[in-house]
Amino acid sequence: MRARHLAIQAFRRLCQVSALLFVLYAAISAHWRNFKVGHNSARLVGLLKNEAWGEAYALNERALSWFGEPLEVSDGFLGVPWGASIAGLPFTDPLSVAALASQGQLPPTSMLVGALIPLGLALVGGKLYCSFLCPARLVFELGGAVRMGLQRLGLPLGELGIPRLGLWVGLGLVLFSAGMGMGAFHLVLPYLSLSQGLAAWMLTGSAGVGLAIFGVLLLVEVFVAPGQICRSLCPTGAVLEQVGRAAPFRLRKVDPSACPSSCNLCQRVCPYGLFPGQETHHPSCDSCGRCTLVCPDNKLAHGLEWGAKRCSD
Amino acid sequence: MALSRREALASMLAGAFLLPGTGCGAAQADPSRTLLPPTASEDFLARCIRCGRCAEVCTAGCIELHPPWAGAEAGSPFIVPRVAGCNTCTMCTQVCPSGALTPIEPEDVLDAVDMGLAYVDEGLCLSFLGRVCGVCHDACPFPGEAIVLGHHAQPQVLGACVGCGRCEERCPQIPAAIRVFRQDPGSPRWKGPA
Ligand code: SF4
Ligand code: SF4
Ligand code: SF4
Ligand code: SF4
């Protein structure tokens, strides 16, 4: 059982890092394509930039050529998770479709198709996007680790609780888009602004914006309101949570026997302070599975269960 | 979700008011001196979802993205022709997911693209100052159709100009003797409704 929990955590980290690398790679590829169009030669790139870049150019070309004409294949990796093209397939946050529709625009088919993927994932597994793919969540988890370290040192840290307002924030932003005739999510949605900042860094070489957003998210997590941006404010998380209210793949207490009354290990390790041992963790739980690792009796596990979740609110 | 109406309103307002805090309204680049990618729709800022795909795919590397403090334009793409003009490859139009750019093929460029119009400053242009130049004509993707050279290679821009900005990028004069302006009412070189 424990081996399975560890494997899931390893797989989750792999997915998170891959999503982050995708954002960076999609942006770096812009330079690769410019060199491809301008020079089309690893040797030339080596002379212009230096040998390391020339080798990176050749490596990328060889990898892409497994799948077809390198330049064409490369054009299939673009964007940020809010609206990406991954190996040519569209991937769209449902909220971007909502924001466009609220302005009286008909979203193109590719965006609608792209939104089906995250919606389908949510129908099956709830907020798996949040725990397995979201780039901002990686920053928050880093912040959580730093926070834990500081607490060991005995530092008093803020612990602001925020009421769960994600849907209302989303509605507010959609209305704002409708009223002002401009998108607004990219200014507020953490994972979108973070990945845009990172992409801009790779495109232009100036790290300022990306680092600033990274820093703000980290500081909020460490010093102000741990877990609250994800749990209470992020509109994407809130929408996926509603769509996934009956998702069969979920984190549950598989062993029905009562927990010892003194134990709250799972609650202490949960980034949102939920208490899966008491089965009050839905609907906020995003099945990250960190609690499965600490339960000494292996009472918690990912698994299939049909019917609505038992929710604490 | 137990939530009073007051809390709900407050959070919606908070969502909206976070925006001015990020610098709404403070345009960073002079909009009359930047161009939008080819085939940008009229309601471009409303349509564009700020995914950045156009900038990533641009073969000329000419598309830049407005920073978060650029207000309404934050995250949306723009082109500064003096830095890099558009190759008219049409790749950006083909990858745009939202319809902010209308997909076209390279052979449609002359008909479908209207990013702006080039103007020659005869007081600056080397050819008008007696030194035969003509670089802008050679940089143009449609030489002879969008721009022609007269005596001493003096350039003349024709109505077919698509506003790609390659002439402005390559003009050897400093400051550039040929510059591209968007054709909308805010532009200092607006020709009036077509
Ligand atoms: S209850 Fe467990 S799986 Fe759910 S969010 Fe908390 S730690 Fe993650
Ligand atoms: S048409 Fe090609 S060169 Fe011009 S802006 Fe679009 S991608 Fe860049
Ligand atoms: S590809 Fe289209 S939607 Fe995406 S940033 Fe460019 S213009 Fe906007
Ligand atoms: S490139 Fe500049 S200086 Fe040369 S002919 Fe054109 S406008 Fe004049």
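The values are calculated or read from the model by the stated rules, or taken from the named source; none is laboratory data. Predicted model, so just to flag it, every value in this text is computed and none were measured. Glycine also receives a Cβ, built like all others from the backbone with ideal geometry; neighbour counts cover every protein chain displayed.
Yes or no, residue by residue, for (1) among the aliphatic types (A, V, I, L, M); (2) more than 9 Å from every other protein chain (Cβ to nearest Cβ); (3) part of a loop (DSSP other than H, G, I, E, B):
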site	(1), (2), (3)
A:CYS130	no, yes, no
A:LEU138	yes, yes, no
A:GLU141	no, yes, no
A:GLN151	no, yes, no
A:GLY154	no, yes, yes
A:GLU159	no, yes, yes
A:LEU171	yes, no, no
Complete set of residues in segment B:36-63 that are over 24 Å from A:PRO70 (Cα atoms) and touching a residue at least 12 places away in the same chain (Cβ under 8 Å):
B:LEU36, B:PRO37, B:PRO38, B:THR39, B:ALA40, B:SER41, B:PHE44, B:LEU45, B:ARG47, B:CYS48, B:ILE49, B:ARG50
Output yes when any residue across segment A:33-49 is in contact with an Asp or Glu (Cβ under 7 Å, 6 or more places away or on another chain), within 14 Å of another protein chain (Cβ to nearest Cβ) and either small (Gly, Ala, Ser) or exposed (fewer than 12 other Cβ atoms within 10 Å of the Cβ) (or both), and no when none is.
no
The condition of being more than 14 Å from every other protein chain (Cβ to nearest Cβ), within 13 Å of ligand 4 (Cβ to nearest atom) and under 28 Å from A:ASP75 (Cβ atoms) holds, among B:ALA139, B:ALA177, B:ALA112, B:ALA118, only for B:ALA139
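Return yes or no: is A:VAL222 touching a Lys or Arg at 6+ places or on another chain (Cβ under 6 Å), away from chain B (no Cβ under 12 Å) and β-branched (Val, Ile, Thr)?
The answer is yes for A:VAL222.
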Hits in segment A:248-298 (condition: over 18 Å from A:PHE140 (Cβ atoms) and among the β-branched types (Val, Ile, Thr)):
A:VAL254, A:THR280, A:THR292, A:VAL294
Check whether at least one residue in segment B:130-140 is within 20 Å of the chain's Cα centre (by Cα), surrounded by fewer than 21 Cβ atoms within 10 Å (Cβ to Cβ), within 27 Å of B:THR90 (Cα to Cα) and within 16 Å of ligand 2 (Cβ to nearest atom), and report yes or no.
yes
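One line per residue, one yes/no per condition, for (1) at pLDDT below 90; (2) over 28 Å from A:GLY154 (Cα atoms); (3) over 21 Å from the mean Cα position of the chain (by Cα); (4) not aliphatic (A, V, I, L, M):
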| position | (1), (2), (3), (4) |
| --- | --- |
| A:PHE223 | no, no, yes, yes |
| A:LEU251 | no, yes, no, no |
| A:PRO256 | yes, yes, yes, yes |
| A:GLN278 | yes, yes, yes, yes |
| A:SER287 | no, yes, no, yes |
| A:LEU300 | no, yes, yes, no |
| A:ALA308 | yes, yes, yes, no |
If I filter segment B:90-101 for residues that are in contact (Cβ under 8 Å) with a residue 60 or more places away in the chain and within 14 Å of another protein chain (Cβ to nearest Cβ), do I get at least one hit?
yes
Would a scan of segment B:76-88 turn up a residue that is under 18 Å from the mean Cα position of the chain (by Cα) and within 9 Å of chain A (Cβ to nearest Cβ)?
yes
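Residue-by-condition table, conditions (1) in the same structural domain as B:PHE128 (by TED's automatic domain parsing); (2) at pLDDT below 95; (3) more than 15 Å from the chain's Cα centre (by Cα):
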site	(1), (2), (3)
B:HIS152	yes, yes, yes
B:PRO155	yes, no, yes
B:GLY159	yes, yes, yes
B:GLU168	yes, no, no
B:ILE174	yes, yes, yes
B:ARG182	yes, yes, no
B:GLY186	yes, yes, no
B:LYS191	yes, yes, yes
Take B:CYS96 and decide whether it is crowded, with 23+ Cβ neighbours inside 10 Å, of a type outside the set (Val, Ile, Thr) and in contact with a strand residue (DSSP E or B) (Cβ under 9 Å, 6 or more places away or on another chain).
no
How do the pairs read when you match residues in segment B:106-129 that are assigned by TED's automatic domain parsing to the domain that holds B:ARG33 with residues anywhere that are part of a strand (DSSP E or B) and within 16 Å of ligand 1 (Cβ to nearest atom), using Cβ under 7 Å and keeping only pairs 6 or more apart or on different chains?
none
Residue that is surrounded by 14 or more Cβ atoms within 10 Å (Cβ to Cβ) and more than 8 Å from ligand 1 (Cβ to nearest atom), where the choices are A:VAL269, A:VAL254
A:VAL254
Helices (runs of 4 or more DSSP H) within segment A:4-114 that include 3 or more residues within 26 Å of B:ALA60 (Cβ to Cβ) and more than 25 Å from the chain's Cα centre (by Cα):
A:42-48, A:51-65, A:70-74
Of the conditions (1) modelled with pLDDT under 90; (2) within 16 Å of ligand 3 (Cβ to nearest atom), A:GLY46 clears all except one; give me its number.
(2)
From the set of residues in segment A:95-124 that are closer than 20 Å to A:PHE22 by Cβ and crowded, with 20+ Cβ neighbours inside 10 Å, which is farthest from the other protein chains (Cβ to nearest Cβ)?
A:LEU121
